[in-house]
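The block underneath contains the structure these notes are about, expressed in structure tokens.
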Amino acid sequence: MKSFADPSTTFKLVFEEASVGQGGLTARRPTGEIRCTECRAVATNIDDFPHEQWCPQRFVHSQWYAEQLLD
């Protein structure tokens, strides 16, 4: 099982843009969500992604999850 921390996997943090005061300034704030860059699925937990069946990152999980699964 490949870890999400493996350099060959690609996930991105999801940000939202919000207005900051007047004058058109915006700030990017993390939403707490993660996006798979392969199938574009979004989740808040790296171990609970609704990946597409064809996604090469479908079985990518954290080390903790893998250890719990094998116990």
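The values are calculated or read from the model by the stated rules, or taken from the named source; none is laboratory data. Keep in mind the model is a prediction, meaning the values are calculated, not measured. Quick reminder, even Gly has a Cβ in these numbers, built from the backbone with ideal geometry, and neighbours come from all protein chains shown. These area figures cover heavy atoms from the full protein model, side chains too; ligands, DNA and RNA do not enter into them. Shrake-Rupley method; radii C 1.70, N 1.55, O 1.52, S 1.80 Å.
Checked against (1) over 11 Å from the mean Cα position of the chain (by Cα); (2) not in a strand (DSSP E or B), residue 9 passes all but a single condition, namely (1). Selection over the range 1-27 of residues that are basic (Lys, Arg) and modelled with pLDDT of 90 or more gives a count of 1.
Would it be correct to say that residue 69 is at pLDDT below 90, not in a loop (DSSP other than H, G, I, E, B) and not small (Gly, Ala, Ser)?
Considered against the rule, which asks whether it is at pLDDT below 90, not in a loop (DSSP other than H, G, I, E, B) and not small (Gly, Ala, Ser), residue 69 comes out as yes.
Considering the range 49-71 alone, what residues qualify as being without any contact (Cβ under 8 Å) to a residue 40 or more places away in the chain, open to solvent by 30 Å² or more (accessible area, probe 1.4 Å) and not hydrophobic (A, V, I, L, M, F, W, C)? The answer is 50, 52, 53, 56, 58, 65, 67, 68, 71. Inside the range 5-15, residues that are open to solvent by 90 Å² or more (accessible area, probe 1.4 Å) and touching a strand residue (DSSP E or B) at 6+ places or on another chain (Cβ under 9 Å) make up a count of 2. Evaluation of residue 46 against the conditions (1) loosely packed, with under 14 Cβ neighbours inside 10 Å; (2) not in a strand (DSSP E or B) shows that the sole unmet condition is (1).
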